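What follows is one structure encoded as C-alpha cells, with my remarks underneath.
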Amino acid sequence: MTEAELEILSKSDLFYGLNPSEINFLLSSFYLNVKKYSRDDVIIIQGETYSDLSVVMKGNVSSEINDPSGKRVKLEIFSESSLIAPGIIFAVDNTLPVTVTAETNCVLLSFSKEDVISILQSNSNCMNNYLSLLGNKINILAEKIRLFQFSSIQQKIAGYLLNLHKKQGSDSLIIPYTRENLADFFGVARPSLSRELSRMSDAGIIDIDCKKINILKKTALKYLLDGEILD
C-alpha cells in the first residue's frame with residue numbers, strides 16, 4: 001500500500017491509534033480489494049448480502065432507504081476513512097437495509113469478514129476500536145429513534161439540543177455534525193433545518209456560532225419540545 005493510503009487508514013475508526021507502518025505490517029498478509037466508482041453509481045443495493053467491510057479511501061458515499069411508496073430517505077454520508085455498515089457483516093441476517101451510492105467519484109477498500117476477524121484477534125487496539133464504533137452506532141440509532149417521536153423540526157432541534165446539553169453539561173454546545181449531516185440525522189431537508197434554526201436564533205432562544213450553538217433560553221426549548229410552535 002502507498003503511504004497516502006496507509007495515512008488514510010490510520011484515521012479510520014478501525015485503525016485509530018496505529019501508525020502507518022504498524023498498519024502496513026498488520027495488513028501485509030491480507031488480500032485487499034480496491035474498487036473505483038463514479039458519481040451516482042450504486043455501490044450496494046438495499047437487500048443485498050453484505051459480507052465484506054468497506055472503507056472509503058477517497059470521495060464520499062451515502063446510504064439511503066427506499067420506503068414502499070418509493071420515497072428515498074438519506075441516512076448518512078460516509079467521507080474519507082469512514083467504515084460502511086461495520087456491524088452488518090457480523091449479523092445473522094447480513095442483508096444490507098440501505099442502498100449505498102457514490103456521492104462523488106470515490107475509491108473503496110474492502111476486507112472479507114474472515115480478514116476483519118483476523119485483524120481484530122491479532123490487535124487488541126483494533127478490537128477496542130471496533131467495539132467502541134459499534135457502541136457509538138447503537139447510541140446514534142437510539143437518539144434517532146428518540147427524535148422520531150417528534151413531528152416538527154423545531155421539536156427535533158429542541159430535543160436534540162436539550163439532550164446534548166445534558167451530555168456536555170454546558171449551554172455552549174459543540175455540534176458534532178455539519179449542517180447537512182445534521183439534516184440527514186433528523187431526516188429533513190437542509191434548507192428546512194436552516195430555516196428553523198434561523199427562526200430560533202432570531203427569537204433569541206439560541207445563538208449559532210459555526211459548529212457551536214449557545215443555548216440562551218433553555219426554558220423556551222422545553223416549551224418547543226412540548227409542542228409549542230415558534231412563529
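What the table shows:
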item: Helices (runs of 4 or more DSSP H) wholly inside segment 119-231 that include at least 1 residues being closer than 30 Å to ILE88 by Cβ; result: 124-148, 153-168, 179-186, 190-202
item: Every residue from segment 72-82 that is surrounded by 15 or more Cβ atoms within 10 Å (Cβ to Cβ) and farther than 19 Å from LEU6 by Cβ; result: LYS74, LEU75, GLU76, ILE77, PHE78
item: Where SER170 falls short, out of the listed (1) exposed (fewer than 13 other Cβ atoms within 10 Å of the Cβ); (2) under 16 Å from PHE186 (Cβ atoms); result: (2)
item: Test: residue in segment 83-97 that is among the aromatic types (Phe, Trp, Tyr) and buried (at least 17 other Cβ atoms within 10 Å of the Cβ); result: no
item: Sole residue being of a type in the set (Asp, Glu), farther than 25 Å from ALA220 by Cα and either surrounded by fewer than 13 Cβ atoms within 10 Å (Cβ to Cβ) or in contact with a Phe, Trp or Tyr (Cβ under 9 Å, 6 or more places away or on another chain) (or both), chosen from ASP115, ASP184; result: ASP115
item: Where ILE208 falls short, out of the listed (1) touching a residue at least 40 places away in the same chain (Cβ under 8 Å); (2) farther than 22 Å from GLU76 by Cβ; (3) outside the structural domain of LEU75 (by TED's automatic domain parsing); result: (1)
item: Segment 103-117 residues that are of a type outside the set (A, V, I, L, M, F, W, C), paired with ones that are crowded, with 18+ Cβ neighbours inside 10 Å and part of a helix (DSSP H, G or I) (beta carbon under 8 Å, 6 or more apart); result: LYS113/ILE89
item: Some residue of segment 82-91 being assigned to a helix (DSSP H, G or I) and closer than 20 Å to TYR16 by Cβ; result: yes
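Here is a yes/no grid of residues against (1) assigned by TED's automatic domain parsing to the domain that holds SER201; (2) farther than 13 Å from LYS212 by Cβ; (3) more than 19 Å from the chain's Cα centre (by Cα); (4) of a type outside the set (A, V, I, L, M):
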site: TYR130; (1), (2), (3), (4): no, yes, no, yes
site: LEU133; (1), (2), (3), (4): no, yes, no, no
site: ILE153; (1), (2), (3), (4): yes, yes, yes, no
site: ILE157; (1), (2), (3), (4): yes, yes, no, no
site: LEU164; (1), (2), (3), (4): yes, no, no, no
site: ASP171; (1), (2), (3), (4): yes, no, yes, yes
site: ALA183; (1), (2), (3), (4): yes, yes, no, no
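The values are calculated or read from the model by the stated rules, or taken from the named source; none is laboratory data. Keep in mind that this is a model prediction, so the values were computed, not measured. Reconstructed Cβ throughout: ideal geometry from the backbone, glycine too, with neighbour counts over all protein chains shown.
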